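Participant: What follows is a structure written as structure tokens; I'll ask about it next.
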Amino acid sequence: MPEINDADTRLLRRAIELSTVATANGNRPFGAVIGSASGELLAEAANSNRQTGDCTAHAEVMALHDAAAKGLSREVLAQATMYASGEPCVMCAGAIFWSGIGRVVFGIDAVSMRAFRKLDQGAGDLEWSCQEIYARSPRPIEIHGPVLLEEATAPHTAYWARFQAD
Ligand SMILES: [Zn+2]
């Protein structure tokens, strides 16, 4: 796996921090940051599903909305990295593809998240790894993860512990 640099670690940590902002607002623990090639934070968001009642309000999609609101150009996005606290789902992987972003770094992977999802009665996931999705992309999309797995798992452990107590 190619190297993750200090800026990657810093921006992924910010995405993980945003996952706790999401839960503080009643949402599931997911955060996302869009960073420039030089490590500058360009856009960010937390999951806001429960808050907004919008099932598409995943952190990565919301970060892309923030990028659009800030007027980030296609050229800037093409050089950018999406940092996601959790491995992007099918919808978000698609949104990242359409944004033109060429690099993804994520914290906790989908397989590790399965253990938590089991606690969510009746919830299933449309499971398809980012690697598999991007293998079909006509342009290369670099993907790195899991990165900072332990740190990225902590907000999920805290969030789902509430349901285990019932
Ligand atoms: Zn998603």
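Participant: Diagonalise the Cα gyration tensor of the range 71-163 and give the resulting equivalent ellipsoid semi-axes, square root of 5 times each eigenvalue, largest first, whole Å.
Facilitator: In descending order the semi-axes read 27, 14, 11 Å.
Participant: Quick check: net charge around N5, other residues with Cβ under 14 Å of its Cβ, Lys/Arg +1 and Asp/Glu -1?
Facilitator: Details: positive: R10, R13, R103; negative: E3, D6, D8, E40, E142.
Net local charge, N5 excluded: -2.
Participant: Within 10 Å, count the other beta carbons around each residue, average over each peptide in 62-75, 38-51, 99-112, and list them highest first.
Facilitator: Answer by packing, highest mean first, reads 99-112, 38-51, 62-75.
Participant: Considering only the chain, what is the antiparallel percent among its DSSP beta bridges, to the nearest 5? Intermediate results must be reported in sequence, preceding the final value.
Facilitator: Values: 9 of 17 bridges.
Antiparallel bridges make up about 55 percent of those DSSP assigns within the chain.
Participant: Okay, moving on. For the chain, state what percent of all Cα-Cα pairs lands in each successive 10 Å bin, counting from 0 Å until the bin that includes the largest distance.
Facilitator: Bins of 10 Å from zero give 11, 43, 36, 9, 1 percent of pairs.
Participant: Using a cut-off of 13 Å between beta-carbons, work out the net charge of the residues near A32 (Lys and Arg +1, Asp and Glu -1, A32 not included).
Facilitator: Taking every other residue near A32 into account, the sum is -2.
Participant: Taking the Cα centre of the chain as the origin and placing charges on Cβ (Lys, Arg +1; Asp, Glu -1), which of L77, C92, L41 is farthest toward the positive end of the dipole?
Facilitator: C92
Participant: Related question: On a 0 to 90 degree scale, rounded to 10, what angle separates helix 149-164 from the longest Cα axis of the chain?
Facilitator: It works out to around 30 degrees.
Participant: With a 1.4 Å probe and every protein chain kept in, tell me what percent of the accessible surface of the range 19-151 is carbon plus sulfur.
Facilitator: Carbon and sulfur together cover 55 percent of it.
Participant: Rg and Dmax in Å for the range 14-68, alpha carbons only: what are they?
Facilitator: According to the Cα coordinates of the range 14-68, Rg and Dmax are 10.8, 35 Å.
Participant: Can you give the local net charge around R139? Use residues other than it whose beta-carbon is closer than 15 angstrom to its beta-carbon, Lys and Arg +1, Asp and Glu -1.
Facilitator: +1
Participant: Moving on to the next point. On a 0 to 90° scale, report how tilted helix 59-69 is relative to the longest principal axis of the chain, with both axes built from alpha carbons and the result rounded to the nearest 10.
Facilitator: 40 degrees
The values are calculated or read from the model by the stated rules, or taken from the named source; none is laboratory data. Being a predicted model, the structure only gives us computed values, none of them experimental. For neighbour counting, all protein chains shown are included, and Cβ atoms are generated from backbone atoms with ideal geometry for every residue, glycine included. Accessible surface is based on the protein model in full, side chains and every heavy atom, while ligands, DNA and RNA are left aside. Shrake-Rupley method; radii C 1.70, N 1.55, O 1.52, S 1.80 Å.
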